[in-house]
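Report on the following structure.
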Amino acid sequence: MDKRIDREKKVVTLMVKQYCEDNHSPNELCTECSDLLEYAYDRLLCCPFAEDKPTCSNCTIHCYNKNYKKQIIDVMRHSGPKMIYKYPKDTILYFWDKLKHINHKIK
């Protein structure tokens, strides 16, 4: 598996866990969040860009269906601001990937 996809999986896992811990279940992922995370993994594995995958916010293909898209947006809005404090390394790598893709697109 690609390093890039692995990093994306790790970040989405951290974000969903944070969201669920704060809103649903402090000890383990609830059914709804587990389902969302499984769906996110499936979307990442099916990504046609593979190693050149942009961050989802910069992607030209929006592959989430309506319900999951709303859920993941809620998760990202809630967990995103907390990521830099709780997981600085992962957050920096995420923004590096985002910047790298923007620079690649400009060239």
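No other cysteine beta carbon under 4.7 Å away is the test; run it over the chain and list who passes.
Those would be CYS30, CYS46, CYS47, CYS56, CYS59, CYS63, since no other cysteine Cβ in the chain comes under 4.7 Å of theirs.
Return the Cα extents of the chain along principal axes one, two and three, sorted largest first, each rounded to a whole Å.
44, 30, 24
Can you show me the helix-derived [θ] at 222 nm for the chain, built from DSSP H runs with n ≥ 4 at -39,500 (n - 2.57) apiece and divided by the number of residues, rounded to the nearest 500. Walk me through the numbers on the way to the answer.
Numbers: 4 runs with 76 residues, N = 107.
Computed mean residue ellipticity for the chain: -24500 deg cm²/dmol.
In debye to the nearest 20, how big a dipole does the chain give about its Cα centre with +1 on each Lys and Arg Cβ and -1 on each Asp and Glu Cβ?
Its charge dipole is roughly 560 debye.
What are the ³J(HN,Hα) couplings of region 14-27, residue after residue, when phi is run through the Karplus curve with 6.51, -1.76, 1.60 and θ = phi - 60°? Round to Hz, x for glycine and proline.
Along region 14-27, the couplings run 4, 5, 5, 4, 4, 4, 5, 4, 7, 10, 10, 9, x, 9 Hz.
Rolling a 1.4 Å sphere over the protein heavy atoms, what is the accessible area per residue of the chain, to the nearest Å²?
On a per-residue basis, the chain sits at 67 Å².
Which percent of the accessible heavy-atom area of the chain goes to carbon and sulfur, probe 1.4 angstrom?
Ligands and nucleic acids excluded, carbon and sulfur give 56 percent.
The values are calculated or read from the model by the stated rules, or taken from the named source; none is laboratory data. For clarity, every value in this text was computed on a predicted model and none was experimentally measured. Using ideal geometry, Cβ is built from the backbone for each residue, glycine included, and neighbour counts are taken over all protein chains shown. For accessibility, only protein heavy atoms count, side chains too; no ligands or nucleic acids. Shrake-Rupley method; radii C 1.70, N 1.55, O 1.52, S 1.80 Å.
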